[in-house]
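A.B. asks: I'd like to ask you about the structure that follows.
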Amino acid sequence: MIQPVLSLRQTIADDLRTQISTGRLKPGERLPSETQLASLYKVSTPTLRNALALLQSQGLIEKIHGKGNFVRRRLHRLTYSGGALMPFDPAVHVTVHTSQLRARGALSGLLKVPQRTPLTEFLCIGHEGESPHSLARIYIPRDLAPTEPPWCRHGKTEPSTPLAEIQEKVSARLPTSEEASTLRISTALAVLAITRVSTDATGRVVEAALLVLPGDRADAIFTFHHTIDEGRAEA
């Protein structure tokens, strides 16, 4: 009787998971090539890749394009609070890429500007060691954008205009293929997606930020301050 492919996938994943948990495969260590592993487990390459995809979705391994599969290093948990990731970890460094574009589609609606309005985009990618940590895309109307890349620590910037209101929308969803590739996570692993829109006293949107955090290590904390009505308190 032929063993089901799903069972083979699970068997391989369980064996590799055990090797990782017992330290036989250490954090940062490169796994044998997919061809070698398929030969070792006597399975087809697609079946082997299904097993690796399962481990990737569980956050145990990461696939680096052109290099292979690696045991994922244990990364610090991310806590999003007050418009930024807290606390700041000096081990995390951020790369910033700046580009010029024009507002289109949903981006035009998010910033409340006409189509083709000039914008500046800041792509901020946080890294812990060599592993991607977080991803943020920040859009600012070009006439407000600073000449130098803003202070960009996990998607928090310093707007050039005083803010009157900040709205945030938090949702859980599957990553796009581009997001999964950038963060080196499986497309089956949910991410915490945060959309933050900042407006000034005139109601103009001065910044829109789209943050993506891996769901296996991200938390969001919101604190509300309750104000007691003095008139009711005296009554």
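A.B. asks: Answer yes or no as to whether L163 is at pLDDT 90 or above and assigned by TED's automatic domain parsing to the domain that holds A103.
C.D. replies: Values: at pLDDT 90 or above: no; assigned by TED's automatic domain parsing to the domain that holds A103: yes.
Judged against the criteria, L163 is not a match.
A.B. asks: Also, quick follow-up: Among the numbered criteria (1) at pLDDT below 80; (2) in a loop (DSSP other than H, G, I, E, B), which one does L85 miss?
C.D. replies: Here L85 meets the rest and fails (2).
A.B. asks: Let me ask something else. In the stretch 11-35, how many are in a loop (DSSP other than H, G, I, E, B), within 15 Å of L48 (Cβ to Cβ) and in contact (Cβ under 8 Å) with a residue 40 or more places away in the chain?
C.D. replies: The first filter runs over the stretch 11-35 and keeps only residues in a loop (DSSP other than H, G, I, E, B), leaving 22-29, 31-33.
From the residues that got through so far, the ones that are within 15 Å of L48 (Cβ to Cβ) too are 31-33.
Narrowing further to those that are in contact (Cβ under 8 Å) with a residue 40 or more places away in the chain: 31.
Residues in the stretch 11-35 being in a loop (DSSP other than H, G, I, E, B), within 15 Å of L48 (Cβ to Cβ) and in contact (Cβ under 8 Å) with a residue 40 or more places away in the chain: 1 in total.
A.B. asks: Determine which member of the set H127, H97, H133 is part of a strand (DSSP E or B) and surrounded by fewer than 14 Cβ atoms within 10 Å (Cβ to Cβ). Don't jump to the end; show me each part of the working.
C.D. replies: Working: H127 fails: surrounded by fewer than 14 Cβ atoms within 10 Å (Cβ to Cβ); H133 fails: surrounded by fewer than 14 Cβ atoms within 10 Å (Cβ to Cβ).
Testing whether each residue is part of a strand (DSSP E or B) and surrounded by fewer than 14 Cβ atoms within 10 Å (Cβ to Cβ) leaves just H97.
A.B. asks: With S39, S33, S7 as the choices, which residue is touching a strand residue (DSSP E or B) at 6+ places or on another chain (Cβ under 9 Å), more than 25 Å from A218 (Cα to Cα) and of a type in the set (G, A, S)?
C.D. replies: Numbers: S39 fails: touching a strand residue (DSSP E or B) at 6+ places or on another chain (Cβ under 9 Å); S7 fails: touching a strand residue (DSSP E or B) at 6+ places or on another chain (Cβ under 9 Å).
On inspection, the qualifying residue turns out to be S33.
A.B. asks: Is one or more of the residues making up the stretch 200-219 small (G, A, S) and at pLDDT below 90?
C.D. replies: The initial filter retains those residues of the stretch 200-219 that are small (G, A, S), namely 201, 203, 208-209, 215, 218.
Remaining after also requiring at pLDDT below 90: 215, 218.
Yes - at least one qualifying residue is present in the stretch 200-219.
A.B. asks: Here's a check for you: in the stretch 38-48, which residue that is of a type in the set (A, V, I, L, M) and in contact (Cβ under 8 Å) with a residue 12 or more places away in the chain is farthest from R9 (Cα to Cα)?
C.D. replies: Selected residue: V43.
A.B. asks: Only residues that are modelled with pLDDT of 90 or more, more than 18 Å from A188 (Cβ to Cβ) and surrounded by fewer than 14 Cβ atoms within 10 Å (Cβ to Cβ): list them for the stretch 30-67, please.
C.D. replies: R30, P32, S33, T35, Q36, S39, L40, K42, S44, T45
The values are calculated or read from the model by the stated rules, or taken from the named source; none is laboratory data. Just so it is clear, the model here is predicted, and its values are computed rather than measured. All Cβ positions, even for glycine, are placed from backbone atoms using ideal geometry, and neighbour counts span all protein chains on display.
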